[in-house]
Amino acid sequence: MSHVLSIVLMMNEKFREKVSGAWDTFSNDPEKFGIFFGLVLRLLVPDDKQQQQQQQESINNSTKSEDTLSKKRGSKKVKMAVVEEEQKSKAIETEGETNSISMTNRRHLLSFLVYCFSGLENEVVRGEVLKLVGIGMWETLENDNARELILKKNMAARKLWNRAIRRKEKADVNMKKQIHYCNHFLSSLLRQFLEHVSIITPSNLRSSIPTLEVINRSLELFTDLISQLPTRRYFNSVVKDHLVVELTQRSALSQIASSSSSSLSQLKEITLFKALLHRLAFYVGFEIDDLSGESLSRDAYEAKYASDIKSLQNIVFIKYRNELKDLAMSHISGIAPNLRGWLNTVNDDIIKDLCHYVAIRTIGVNGVEYDREFLISVFVQRFQRRESQIDKINSYSLYPDEVNYHVQRFFKFCFFVFKVFSFRYHHLFFSFFFCFIMHFGNFI
């Protein structure tokens, strides 16, 4: 592991210093790069054999701890020894879950993955990384219905899916394990990311800075994957299925980032997390066809939205016409404003069934069922009419208006005054600045 990490650190340093031809080191021997890249992946996400070895090591360590405790019996510090050994066993279990590598090393490995997916122009790198973003990753979707909703709209994707299934069935045992690992790798990274996000609270934030740095690198990786057409094609559906954006926005970490009164929100890691999460949410819902890569015009987006609403109304009319009659018979323009109110009138079973029909995951990747309020929020957000990016861009002025012009001049003037005044008279500057804001704030 140390040898692999040393190579990763050297490559990261080359990319940080923008060394030209950093990938030329592996160009002469692509097979060795494939082996090296596989080792990097298994450090981040262990395969079944590594997990079994880690479980065996934890069992051996627990057995050793029991022997140690048996020798300490009869002493006055038995209780303290029991507590210490329990803490060690918990630490061993947690370490086994994260593949026995520190958060710092995990951050370096994720940074290397970011550079790999940014180097698709290199043939050697492209041949390895594209194995992780194939159509086979749709195995990790919640159920067959979620996959079928996508495949019935695109026959070319269905042919690719059937071909991938046949290829996996004809492969030998070792090849099947390799295919299975590649198909589930990014899904496992998403699960690890959600686990890391869920453990951070306001009380342990300052002591969890390494974990927060790993979260930021993961967000950077996911954003890079979704912002590139070759990697977005199938991965974006997995991100939507795992509810990555929704769960992260609901977490305590996101609440800390959005709180302006908390001093924790001023940390540079929190500021970066907020910006990266906003960028990920922007690219996930970007107006583009994931499979074809074509941008959606305003008419195409409206047609897609109308088709989704029509499918929802058909399901409601067939299954729950008595409970949700208004939803089934309403005009398309009246559904988004009233959808939450209609869903609040039905029981939990109907909400879960509706989520199943529209391919919204009701059980988390950790096996815990989502609560009612969260499912309703996700359901409403899924069928919310979004503002067109074209309309948003067209709403901006090509030239600065009066407010922007005067505000920019004001801040330039303040910066000039601050430079002119020496440090000795800084209190005069801040007094002048405060008075100016109090008297002329309304004008600005």
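Filtering region 333-361 down to residues that are of a type outside the set (A, V, I, L, M), touching a residue at least 24 places away in the same chain (Cβ under 8 Å) and not in a helix (DSSP H, G or I), which residue is farthest from Thr140 (Cα to Cα)? By that ranking, first place goes to Asn344. Checking each residue in region 129-144 for being out of contact with any Leu (no Cβ under 9 Å at 6 or more places or on another chain) and surrounded by 15 or more Cβ atoms within 10 Å (Cβ to Cβ) picks out Lys131, Gly136, Glu139, Leu141, Glu142. Candidates are the residues of region 176-230 that are within 15 Å of Leu113 (Cα to Cα) and aromatic (Phe, Trp, Tyr); the one that is surrounded by the fewest Cβ atoms within 10 Å (Cβ to Cβ) is Phe185.
Filtering region 247-266 to residues that are in contact with a helix residue (DSSP H, G or I) (Cβ under 8 Å, 6 or more places away or on another chain) and outside any helix (DSSP H, G or I) leaves Ser251, Ser259, Ser262. Of all residues in region 73-83, none are surrounded by 12 or more Cβ atoms within 10 Å (Cβ to Cβ), at pLDDT below 50 and either closer than 30 Å to Lys32 by Cβ or in contact with a strand residue (DSSP E or B) (Cβ under 7 Å, 6 or more places away or on another chain) (or both).
Here Ser258, Ser295 are screened, and the one residue that is surrounded by fewer than 17 Cβ atoms within 10 Å (Cβ to Cβ), in contact with a strand residue (DSSP E or B) (Cβ under 8 Å, 6 or more places away or on another chain) and within 28 Å of Val238 (Cα to Cα) is Ser295.
Table: residues versus (1) over 22 Å from Arg42 (Cα atoms); (2) part of a helix (DSSP H, G or I); (3) among the hydrophobic types (A, V, I, L, M, F, W, C).
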residue	(1), (2), (3)
Leu189	no, yes, yes
His196	no, yes, no
Ser207	yes, yes, no
Pro210	no, yes, no
Val214	no, yes, yes
Phe222	no, yes, yes
Leu225	no, yes, yes
Val245	yes, yes, yes
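Residues of region 362-375 that are assigned to a loop (DSSP other than H, G, I, E, B) and of a type in the set (A, V, I, L, M): Val365, Val368.
The values are calculated or read from the model by the stated rules, or taken from the named source; none is laboratory data. If you're wondering where the values come from, they're calculated on a predicted model, not measured in any experiment. Here Cβ is always computed from backbone atoms with ideal geometry, including for glycine, and neighbour counts include all displayed protein chains.
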